[in-house]
Amino acid sequence: MIIFEKFLGKRAEIPEDRRYYVKQGLWAKADDHHITCGLSQPALILAGGLNNLEWLVPEGKGIEQNEAVIFAITGKILYIDSPFKGRIHFNPVVKHRPELVLSDPYDLGWLFKVGAMENAEEDLNRLAEPWTYAESLKSSEGCKNPEGIKGGVSGMCKAVYSGIGAQKI
């Protein structure tokens, strides 16, 4: 397990038994005839949590690689793409209980599975290894602001946050 003790003011873990789609902070793990995907803990912290999920394609539909499959409302709005081509199956529990994604992102909080792929092992291996994903996070706001200071740590963020705080409404 790779651990960031302070990542935007929180503890973040990255399991070493899966691969990572760095662009969106998704983890992926092969099991039986599917590849299961979910949001990594650092991605959830950077997104500001998770409030709601909507499926953008029907359950069991064949999807293309990089097709948007989930619309997520976090502290931001995210369109989550599948890093794989195949038939999609969603986790029905998290649609009604998105807090599971936050509390258990690597087990019960998985988002979707993609199955019936021709090159599943090849597709999985083209994603980043855990150490590469962890290294990519070192340039993120999570590592640049380990204490989670409101307004961020960049000069621009501090100026905007200070300006908002100084407004008289």
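Looking at the structure I just gave you, is LYS6 within 21 Å of PRO98 (Cβ to Cβ), part of a strand (DSSP E or B) and at pLDDT 90 or above?
Values: within 21 Å of PRO98 (Cβ to Cβ): no; part of a strand (DSSP E or B): yes; at pLDDT 90 or above: yes.
For LYS6, the condition - within 21 Å of PRO98 (Cβ to Cβ), part of a strand (DSSP E or B) and at pLDDT 90 or above - is not met.
Answer with yes or no whether PHE112 is over 23 Å from PHE7 (Cα atoms) and touching a Cys at 6+ places or on another chain (Cβ under 6 Å). Talk me through it step by step, then tell me what you get.
Numbers: over 23 Å from PHE7 (Cα atoms): yes; touching a Cys at 6+ places or on another chain (Cβ under 6 Å): yes.
Judged against the criteria, PHE112 is a match.
Hey, GLY60 hits all of (1) closer than 27 Å to GLU141 by Cα; (2) assigned to a loop (DSSP other than H, G, I, E, B); (3) in contact (Cβ under 8 Å) with a residue 24 or more places away in the chain but one; which does it fall short on?
Evaluating GLY60 over (1) closer than 27 Å to GLU141 by Cα; (2) assigned to a loop (DSSP other than H, G, I, E, B); (3) in contact (Cβ under 8 Å) with a residue 24 or more places away in the chain leaves (1) as the failure.
How many residues does the stretch 139-149 hold that are in a loop (DSSP other than H, G, I, E, B) and either over 16 Å from LYS23 (Cβ atoms) or among the hydrophobic types (A, V, I, L, M, F, W, C) (or both)? I'd like the intermediate steps shown before the answer.
Of the residues in the stretch 139-149, the ones in a loop (DSSP other than H, G, I, E, B) are 139-140, 145-149.
Next cut, either over 16 Å from LYS23 (Cβ atoms) or among the hydrophobic types (A, V, I, L, M, F, W, C) (or both) only: 145-149.
Number satisfying all stated conditions: 5.
Within the stretch 72-87, can you find the residues that are among the small types (Gly, Ala, Ser), in contact with a strand residue (DSSP E or B) (Cβ under 6 Å, 6 or more places away or on another chain) and in a loop (DSSP other than H, G, I, E, B)? Write out each step before concluding.
Here is the first cut: in the stretch 72-87, the residues among the small types (Gly, Ala, Ser) are 72, 75, 82, 86.
Restricting the remaining residues to those that are in contact with a strand residue (DSSP E or B) (Cβ under 6 Å, 6 or more places away or on another chain) gives 72, 82, 86.
Within the stretch 72-87, just SER82 meets the criteria.
Residues being farther than 24 Å from THR132 by Cβ and buried (at least 20 other Cβ atoms within 10 Å of the Cβ): count how many of those fall in the stretch 34-62.
The initial filter retains those residues of the stretch 34-62 that are farther than 24 Å from THR132 by Cβ, namely 48-62.
Remaining after also requiring buried (at least 20 other Cβ atoms within 10 Å of the Cβ): 50, 53.
Qualifying residue count, the stretch 34-62: 2.
I'd like to check something: does the stretch 88-106 contain any residue that is under 14 Å from LYS29 (Cα atoms) and either aromatic (Phe, Trp, Tyr) or touching a strand residue (DSSP E or B) at 6+ places or on another chain (Cβ under 7 Å) (or both)?
Within the stretch 88-106, the first condition is being under 14 Å from LYS29 (Cα atoms), and the residues that meet it are 105-106.
Then keep just the ones that are either aromatic (Phe, Trp, Tyr) or touching a strand residue (DSSP E or B) at 6+ places or on another chain (Cβ under 7 Å) (or both); that gives 105-106.
Checked the stretch 88-106: at least one residue is under 14 Å from LYS29 (Cα atoms) and either aromatic (Phe, Trp, Tyr) or touching a strand residue (DSSP E or B) at 6+ places or on another chain (Cβ under 7 Å) (or both).
Search the stretch 94-136 for residues being closer than 18 Å to PRO58 by Cβ, assigned to a helix (DSSP H, G or I) and not charged (D, E, K, R), and hand back the single one that is modelled with the highest pLDDT.
Going residue by residue through the stretch 94-136, those that are closer than 18 Å to PRO58 by Cβ are 94-96, 111-116.
Now drop any that are not assigned to a helix (DSSP H, G or I), which leaves 94-96.
Then keep just the ones that are not charged (D, E, K, R); that gives 94, 96.
Details: VAL94: 96, HIS96: 92.
Step by step, filter the stretch 94-136, then rank; the result is VAL94.
The values are calculated or read from the model by the stated rules, or taken from the named source; none is laboratory data. Please read these numbers as outputs of a predicted model, since none were measured by experiment. Here Cβ is always computed from backbone atoms with ideal geometry, including for glycine, and neighbour counts include all displayed protein chains.
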